[in-house]
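Since every read-out is calculated from the coordinates, none of them should be taken as a lab result. Bear in mind that the values here come from a model prediction, so they are computed numbers and not experimental data. Neighbour counts are summed over all protein chains in view; Cβ atoms, including those assigned to glycine, are modelled from backbone coordinates with ideal geometry.
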């Protein structure tokens with residue numbers, strides 16, 4: 001059970017997750033930004049707070065990973081689709097942002113995106129993709145974790161990459177059917 005919502009975690013199918021990630025119109029600046037945001041949530045498993053505070057210097061496009069400092073420091077790999085989304089956003093949109101902000105996704109006035117802004121982005125594309133209006137940023141992250149585990153990912157590796165606490169890891173493991 002999810003302690004925050006009081007409901008079991010909702011797991012998107014891989015098809016639903018892909019539909020959400022591909023929903024933004026990448027012919028617009030907002031669409032390029034939103035695709036990159038969604039990719040980092042559902043394709044790299046970032047937490048909303050991590051996404052909001054992410055700085056350009058933490059993104060390494062050469063080795064396709066995000067470097068986060070904290071307790072512990074984390075290296076978060078991402079795939080080709082996430083890399084392509086970030087490249088398009090950084091070079092076509094982010095490079096044109098006025099002001100001194102070092103944030104990857106500066107909000108109004110160069111300040112960090114709010115949690116509400118991230119929620120609105122997720123809800124907008126979840127509804128547009130047909131996945132439903134119940135999808136939250138945490139559902140994207142949970143769905144990625146479950147997908148990695150279903151594909152045979154090492155639980156301790158998934159836990160380390162996504163920064164999942166020991167107690168919280170159980171909700172991800174419960175979503176994996178027994179292989180017997």
In a GNM of the chain with a 10 Å cut-off on Cα contacts, which of 61, 32, 113 has the highest mean-square fluctuation?
61
In terms of the alpha carbon gyration tensor, root eigenvalues a ≥ b ≥ c, rounded if a/c is under 1.5 and otherwise prolate when a/b exceeds b/c or oblate, the stretch 54-149 is oblate
If we count other beta carbons within 10 Å of each Cβ, what is the order of 115, 19, 35, fewest first?
115, 19, 35
Of every Cα-Cα pair in the chain, the percentage lying beyond 29 Å is 17
Highest-MSF residue in the chain out of 102, 145, 44 [GNM, Cα springs under 10 Å]
102
Heads up, the stretch 82-137 by the C-alpha gyration tensor (a ≥ b ≥ c square roots of eigenvalues; a/c under 1.5 rounded, else a/b over b/c prolate, else oblate) looks oblate
Computed [θ] at 222 nm, deg cm²/dmol, the chain (DSSP H ≥ 4; -39,500 (n - 2.57); rounded to nearest 500)
-14000 deg cm²/dmol
Mind giving me the FRET efficiency for residue 29 and residue 75? R0 is 25 Å, r the Cβ-Cβ distance, nearest 0.05 is fine.
0.30
Apply the a/c threshold of 1.5 to the C-alpha gyration tensor of the stretch 55-107 and tell me whether it is rounded, prolate or oblate.
oblate
Report relative contact order for the chain in percent, whole number only (criteria: Cα-Cα under 8 Å, sequence separation at least 6).
28
